[in-house]
Amino acid sequence: QVQLVESGGGLVQPGGSLRLSCAASGTIYSIYTMGWYRQAPGKQRELVADITSRDTTNYVDSVKGRFTISRDNAKNTVYLQMNSLKPEDTAVYYCKFSQGYWDYWGQGTQVTVSS
């Protein structure tokens, strides 16, 4: 079992920045992928970015150049630095931890971009 604790969401003006964190605890092996997904009202959940244990990253086109995903393996934590935020980035952001055949999800954190 793996537990995830997310933090860092909130309200920010367009053009602003936020940093999301997701800390994993429990039975964790050396090879795993962590990522961030988001779901806006009336839309499907989509991948925002993920990062493998080899630090290979993947981003959805709409956030490339604005968001940066990183991880601290010693802390089993993944971060999402979000810059130049736009109103269309407003959503609930979920952390996902994938290890072997198992996926674990965080509880979600709200990000609202509005003036």
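In this structure, does residue 18 turn out to be touching a Pro at 6+ places or on another chain (Cβ under 8 Å) and surrounded by 14 or more Cβ atoms within 10 Å (Cβ to Cβ)?
No; evaluated as a whole, the condition is false for this residue.
Hey, among the residues in the range 28-41 that are more than 11 Å from residue 80 (Cα to Cα) and among the hydroxyl-bearing types (Ser, Thr, Tyr), which one's least open to solvent (accessible area, probe 1.4 Å)?
My answer is 32.
Please go through the range 6-15 and give me each residue that is assigned to a loop (DSSP other than H, G, I, E, B), open to solvent by less than 60 Å² (accessible area, probe 1.4 Å) and within 12 Å of residue 90 (Cβ to Cβ), ordered by number.
Matches in the range 6-15: 9 only.
Report yes if some residue within the range 4-17 is hydroxyl-bearing (Ser, Thr, Tyr) and either touching a Lys or Arg at 6+ places or on another chain (Cβ under 8 Å) or within 17 Å of residue 106 (Cα to Cα) (or both); otherwise report no.
The answer is yes; a qualifying residue exists.
Please enumerate the residues belonging to the range 67-115 that are of a type in the set (Ser, Thr, Tyr) and closer than 15 Å to residue 46 by Cα.
Quick first cut of the range 67-115, residues of a type in the set (Ser, Thr, Tyr) only: 68, 70, 77, 79, 84, 90, 93-94, 98, 101, 104, 109, 112, 114-115.
The answer is 90, 93, 94, 109.
Here are some conditions: (1) closer than 19 Å to residue 104 by Cα; (2) in contact (Cβ under 8 Å) with a residue 24 or more places away in the chain; (3) out of contact with any Ser or Thr (no Cβ under 9 Å at 6 or more places or on another chain); (4) surrounded by fewer than 16 Cβ atoms within 10 Å (Cβ to Cβ). Residue 44 meets all but one. Which one does it not meet?
Exception for residue 44: condition (2).
Only one of 62, 25 is open to solvent by 30 Å² or more (accessible area, probe 1.4 Å), part of a helix (DSSP H, G or I) and without any contact (Cβ under 8 Å) to a residue 60 or more places away in the chain; which? Steps first, please.
Details: 25 fails: part of a helix (DSSP H, G or I).
Every option except 62 fails the conditions.
Just give me the residues in the range 65-115 being part of a strand (DSSP E or B), modelled with pLDDT of 95 or more and among the hydrophobic types (A, V, I, L, M, F, W, C), in sequence order.
67, 69, 78, 80, 82, 91, 92, 95, 97, 105, 111, 113
The values are calculated or read from the model by the stated rules, or taken from the named source; none is laboratory data. All figures in this text were calculated on a predicted structure; none of them were measured in a lab. Reconstructed Cβ throughout: ideal geometry from the backbone, glycine too, with neighbour counts over all protein chains shown. When the accessible area is computed, the model is the full protein with side chains, heavy atoms only, and any ligands, DNA or RNA have been set aside. Shrake-Rupley method; radii C 1.70, N 1.55, O 1.52, S 1.80 Å.
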